4 protein chains.
Amino acid sequence: MMSNAELEQLRNRLDEINSELLALISERATVVRDIGVVKEKQGVPKFDPEREKKMLEKLVAENKGPFSESTIRTLFKQIFKASLDLQSAEHKKSLLVSRKTHKEDTVILLPQDVVVGGGASLMVAGPCSIESEKQTRTVAAALQKAGVRVMRGGAFKPRTSPYDFQGLGMDGLRILREAADEYGLLTISEIVDPAHIEPSLDYVDIIQIGARNMQNFELLKAAGEVNKPVLLKRGLAATMEEFLHAAEYIMSRGNTQVMLIERGIRTYEKWTRNTLDISAVPILKQESHLPVLVDVTHSTGRKDILVPCAKAALAAGADGIMVEVHPEPATALSDAAQQLNIDEFNTFFDEVKASGLYRQ
Amino acid sequence: MMSNAELEQLRNRLDEINSELLALISERATVVRDIGVVKEKQGVPKFDPEREKKMLEKLVAENKGPFSESTIRTLFKQIFKASLDLQSAEHKKSLLVSRKTHKEDTVILLPQDVVVGGGASLMVAGPCSIESEKQTRTVAAALQKAGVRVMRGGAFKPRTSPYDFQGLGMDGLRILREAADEYGLLTISEIVDPAHIEPSLDYVDIIQIGARNMQNFELLKAAGEVNKPVLLKRGLAATMEEFLHAAEYIMSRGNTQVMLIERGIRTYEKWTRNTLDISAVPILKQESHLPVLVDVTHSTGRKDILVPCAKAALAAGADGIMVEVHPEPATALSDAAQQLNIDEFNTFFDEVKASGLYRQ
Amino acid sequence: MMSNAELEQLRNRLDEINSELLALISERATVVRDIGVVKEKQGVPKFDPEREKKMLEKLVAENKGPFSESTIRTLFKQIFKASLDLQSAEHKKSLLVSRKTHKEDTVILLPQDVVVGGGASLMVAGPCSIESEKQTRTVAAALQKAGVRVMRGGAFKPRTSPYDFQGLGMDGLRILREAADEYGLLTISEIVDPAHIEPSLDYVDIIQIGARNMQNFELLKAAGEVNKPVLLKRGLAATMEEFLHAAEYIMSRGNTQVMLIERGIRTYEKWTRNTLDISAVPILKQESHLPVLVDVTHSTGRKDILVPCAKAALAAGADGIMVEVHPEPATALSDAAQQLNIDEFNTFFDEVKASGLYRQ
Amino acid sequence: MMSNAELEQLRNRLDEINSELLALISERATVVRDIGVVKEKQGVPKFDPEREKKMLEKLVAENKGPFSESTIRTLFKQIFKASLDLQSAEHKKSLLVSRKTHKEDTVILLPQDVVVGGGASLMVAGPCSIESEKQTRTVAAALQKAGVRVMRGGAFKPRTSPYDFQGLGMDGLRILREAADEYGLLTISEIVDPAHIEPSLDYVDIIQIGARNMQNFELLKAAGEVNKPVLLKRGLAATMEEFLHAAEYIMSRGNTQVMLIERGIRTYEKWTRNTLDISAVPILKQESHLPVLVDVTHSTGRKDILVPCAKAALAAGADGIMVEVHPEPATALSDAAQQLNIDEFNTFFDEVKASGLYRQ
């Protein structure tokens, strides 16, 4: 048919145009790069919005169709941006958290040969708050017996109300350290003030940055300047992009031992305290080389679904689980409703291990 | 300085390249259009993903940098898409709801010279559910006295539980019509089944499509095929884009008398039943030519903030307000906690009018 | 010490008061029940808000402290409500979806000895839309080869825009049925209009109710009146409570063969299309006796995390997985970006089976 | 009728029981209070979960119906809690932010007779970031001319990425102060580190706590210990309850000059940067005595709806508006897309004033 020949001819012209466009766009990128070199010498910023505006005006004035003015603006903005991105990409480091920068999984080596990431699963357990020596030692003994290696316990508690129990502070850290040492455990505890990072180093094996402080950038910077692993919690309503950039704040200061922990996000659903964003686990593992844990207590706020949620987290690729355990949850000074007692924890841990998903 | 001359030269070359790119992209669009004409004759679809894929492979193979393969793919996909959009834009109507299609505000003429849009404010009030003749007539009398022209009242109630009061059905519509006629009011009531649209026409002056049915497309299509104004509620968690497309379903079937109503969106905040999305009012007015109302009862679920919220809605540009009124809210068969009683309604309406924001 | 004896005495008095309160509250419940019996004979509603109001006023008037008026109101409202709930509980059936009503897991028996629930995992796969006989037969052949028993395929497509492909309608159902029969598969397809439920019965083995129609109660009622299994999708932003009540609409009409499917909820996170609410799986399994599936395609909108998400769903206790498969996703008329091609599906299914979490 | 007499009799018995319950519950509260006094002397905590547990067990054991065990537990827990709350209420201060504690509106007196709250509206304007002396002086001159009294400008910028412009720090504060002094303006700027509160006092007339730091409790405490007004921004996804408690942290340390500012909350809607929660304005004004402002720039992220949103905020009762203004938004180092230029700001402010809603 006539039209097939016609079609062929039109398509050939299209291919020619494509090739010419490619040649021009590539040349354009080279010219932009050369301009960048000159600007760098002059010490002026590479992105010049005024100049870009003028180029667009010129193109719009020249445009005889068939594209509308707004399509021309959109297309050329994209072409301009690509050239500029090329420059930035050459000059600015890619994100340190990115798997593009660092292909292999980051494996964090803790004292006593405990490792995070790289295949083995990590169980982190302990009370919401350090309340007393007795309470802390009771949990520590139980964790040791259960084979747990890392004990959590809050000394500085960020609480919604100033009249709620605020934690025992440095005393709490000391109590945690002593109990952990007695039972051969490592410690993790949340630090909330940049000024406390340094003094905490003797007491914690892992510094925790809490959800409410995920974008407390001064705290992140302070944590980035010490040589101690950091566990960074996802903010209450943080996007994954913000979460990774928060980790980047720590890494950009030199501390590469960063672990991420998903702890549920804020949604409209009321039957759980937060919504455990399980997809975040494989996405964070894919985008980043850092270990990813899941806090099953805070994400759900319900003791009755901890086992299936922990199994789901491990099946999705999580490197570890965090869970709250208290000798007498009913009397706890914080999070009374959602902490496991010691028997419940033992059952929980046994069921998680029995699933075969917990890699020891 | 040397480098300034150099910069000037590079910039001139950039301008030349820009112009050449513009010429090529424009020619490309023409070629794609010609191909479309041929394809239309042949009756084959214009978008040919296989052909697009081959063109991209060819370009990637030709690419010698400095752009990466992925940048080349992205840029050319955008160029391809612009050409294709151009074709669609010429053939497919733009959205009927769009202000680009229809610059002037749509003004809806109801019986008894009641108008919606175009400057005057509309107050729509009445009980959540039609429960009895007495209840309905009591409200109707009060509304007439207050100067309200349009009465709402639910006859088909979409309730979360099948065991809750489901409304009086067609009987409810008849009761509403009779009370409204007695007191010189117009009626609005929600229809939930495509099969009920036709039978409802004798009873309602405005068909309401509820939030839970905003994307019940069969119902939207049925409402689009009658000659009766439609009030479309925003879905519980619908984006504005989805909301406007739902209105487009109605308009695309021929019914141009569509009103939009913001009724709060679902968020994590618990002190209000929903979150009144006040920005939606100016955005919907800007994107679309349709009248925009605000349901202050459903968006807040709180009687104590109805006056400031109604004032905010009018200040933001809303064409009307909907509010629930019941003779004895405590005994109401639905929404008992949030309906105003008649005295409360009178105070509410007086305060809204006193603000000067309600244009009579 | 003096004070310990004093404490003992005060505690004894407290115990006495508790016992007296218990006796009175229990007697109160009996009296309320007797009143209910009289009212039932008289045909008047049991809940009388006016009477309740008067009782509260009387109590407030009598109150001499130390409780404030508002505490007295709150406490007695709770006592009143408990008595009333007791009455309702005796008269109204508990929810049919509830595990309290029906302890054992509901197991749905499909033709060809396919079962849903009760231990075995179900894989449901197929294209987003039925587009042609060829496309449908290609997928059916691949599914049969992979050992899949149930094929999905949309014939009535609820699309955001009225100008997008709306599905092939009854023709699509016929094509799906024929392909399924040829390859020994069962069929599942979404129905969107109550009037189509009946005609669809010859073509589908499972009726799907889509997310946008989860609270289209007329459709739920129509699906409740046929003898055909129903797969109910969770709404875009539905709470679990609303989801279970939507299922109750179906069951309350007599159809007990209902399956639930989590498909992601709408949140602020943008790196996934929706947020897969993994906690919903164990909670729905606990609250209800119905089978629970997870749609990994719609919940994530990303092909690159389907394997970990499917594994997480099964680890959390899901009875099955739904996934979209298309012979040439790039050319699909809907959901082009997120459907697996046949090779990708085979890899996906192999990896899910290899995890040991898929119970065959 | 027989049954009416019977009903009467039953109702009389009900009234008697109610009175007896009231007497017992009141006596119970007195006994619990007496126990509290003894415990206080002994220095043991008043809430004794073990004792409560035993009382519940005893009651359940005694229970002969008709209430179920779980109803008895729920009812008595509520009775126990009411007695305990009574004790706390007597000992613990009510919230300082609450209007119950402080009936009158808090009016904040700034230098130069500028007041916030108490009737007059406040316009706060200025650039997102302080970038240079010239930029800052240009805006300051324009604000003075427009009649604005308070200038904003960020010196410490909390940015998602560590590689984005982080602000000029203390230098920025100095530039802001100098420009403000030159043009007779007051200054407001965000402080992000507890250690910077003290040094900032010479430069800012109002300390701003940003959204990301709303629950940085160490920062709140530090701001609570100085004698300088504080503007507290609502967190990205903070509930109103959390927002008020964050303000309580500041007030509980002694600083009573606190202003709240709604700046949009995070939702699924994508056509605005955040969702302006307009209902928060009347609710915060009702719950609290503090001034409430609205940041129209951050809540919407769109220049095209600033006027209707500012009018809505004022109509809803806001005491002031915050908006971003930059001499050349296109070249801004942060928030380039959403800042007004000076002409746009003048038009914006004129339209807001012309509405009559801005009280000068």
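The values are calculated or read from the model by the stated rules, or taken from the named source; none is laboratory data. Everything numeric in this text was worked out from a predicted model, so none of it was measured. All Cβ positions, glycine included, derive from the backbone under ideal geometry; neighbour counts span all protein chains shown.
Within the stretch D:338-360, the set of residues being within 14 Å of another protein chain (Cβ to nearest Cβ), in contact (Cβ under 8 Å) with a residue 12 or more places away in the chain and either charged (D, E, K, R) or at positive phi (or both) comprises D:Glu351, D:Arg359. Taking the stretch B:324-337 as the range and being on the phi < 0 side of the Ramachandran plot and either of a type in the set (Ser, Thr, Tyr) or part of a loop (DSSP other than H, G, I, E, B) (or both) as the test, the residues that pass are B:His326, B:Pro327, B:Glu328, B:Thr331, B:Ala332, B:Leu333, B:Ser334, B:Ala336, B:Ala337. If only residues of the stretch A:314-323 that are assigned to a loop (DSSP other than H, G, I, E, B) and crowded, with 24+ Cβ neighbours inside 10 Å are counted, the one that is farthest from the chain's Cα centre (by Cα) is A:Ala316. The number of residues in the stretch C:194-220 that are of a type outside the set (A, V, I, L, M) and within 8 Å of another protein chain (Cβ to nearest Cβ) comes to 7. Here A:Glu131 meets each of (1) touching a Lys or Arg at 6+ places or on another chain (Cβ under 9 Å); (2) in a loop (DSSP other than H, G, I, E, B) with one exception, condition (1).
If you go through the stretch D:301-313 and keep only what is more than 7 Å from chain B (Cβ to nearest Cβ) and crowded, with 24+ Cβ neighbours inside 10 Å, you end up with D:Leu306, D:Ala310, D:Ala313.
For the stretch B:60-81, residues that are part of a helix (DSSP H, G or I), more than 14 Å from chain C (Cβ to nearest Cβ) and out of contact with any Lys or Arg (no Cβ under 9 Å at 6 or more places or on another chain) total 10.
When C:Pro127 is tested against the conditions (1) free of Cβ contacts under 8 Å to residues at least 12 places away in the same chain; (2) buried (at least 22 other Cβ atoms within 10 Å of the Cβ), the lone failure is (1). If only residues of the stretch C:240-267 that are over 19 Å from C:Leu96 (Cβ atoms) and at the interface with chain B (Cβ under 9 Å from one of its Cβ atoms) are counted, the one that is surrounded by the fewest Cβ atoms within 10 Å (Cβ to Cβ) is C:Arg266. Being within 23 Å of the chain's Cα centre (by Cα) and either aliphatic (A, V, I, L, M) or in the same structural domain as D:Ala222 (by TED's automatic domain parsing) (or both): is that true of D:Arg137 here? Criteria not met by D:Arg137.
If we scan the stretch C:156-169, do we find a residue that is buried (at least 20 other Cβ atoms within 10 Å of the Cβ), in a helix (DSSP H, G or I) and among the hydrophobic types (A, V, I, L, M, F, W, C)? Checking the stretch C:156-169: not a single residue is buried (at least 20 other Cβ atoms within 10 Å of the Cβ), in a helix (DSSP H, G or I) and among the hydrophobic types (A, V, I, L, M, F, W, C).
For the stretch B:274-292, the set of residues classified as assigned to a loop (DSSP other than H, G, I, E, B) and at the interface with chain D (Cβ under 10 Å from one of its Cβ atoms) consists of B:Asn274, B:Leu276, B:Ile278, B:Ser279, listed by residue number. When D:Arg273 is tested against (1) crowded, with 24+ Cβ neighbours inside 10 Å; (2) touching a Gly at 6+ places or on another chain (Cβ under 6 Å); (3) over 17 Å from B:Ala312 (Cα atoms), only condition (1) is not met.
Scanning the stretch C:39-55 for residues that are at pLDDT below 85 and either over 38 Å from the mean Cα position of the chain (by Cα) or within 30 Å of D:Lys58 (Cβ to Cβ) (or both) turns up C:Gln42, C:Lys54. Would you confirm whether or not the stretch B:69-80 contains a residue that is in contact (Cβ under 8 Å) with a residue 24 or more places away in the chain and surrounded by 15 or more Cβ atoms within 10 Å (Cβ to Cβ)? Yes. For D:Glu57, the test of being more than 14 Å from chain A (Cβ to nearest Cβ), of a type in the set (Asp, Glu) and free of Cβ contacts under 8 Å to residues at least 40 places away in the same chain is failed. For the stretch A:228-268, the set of residues classified as assigned to a strand (DSSP E or B) and closer than 12 Å to A:Leu284 by Cα consists of A:Met259, A:Leu260, A:Ile261, A:Glu262, listed by residue number. Residues in the stretch C:118-128 that are under 23 Å from the mean Cα position of the chain (by Cα) and in a loop (DSSP other than H, G, I, E, B): C:Gly118, C:Gly119, C:Ser121, C:Cys128.
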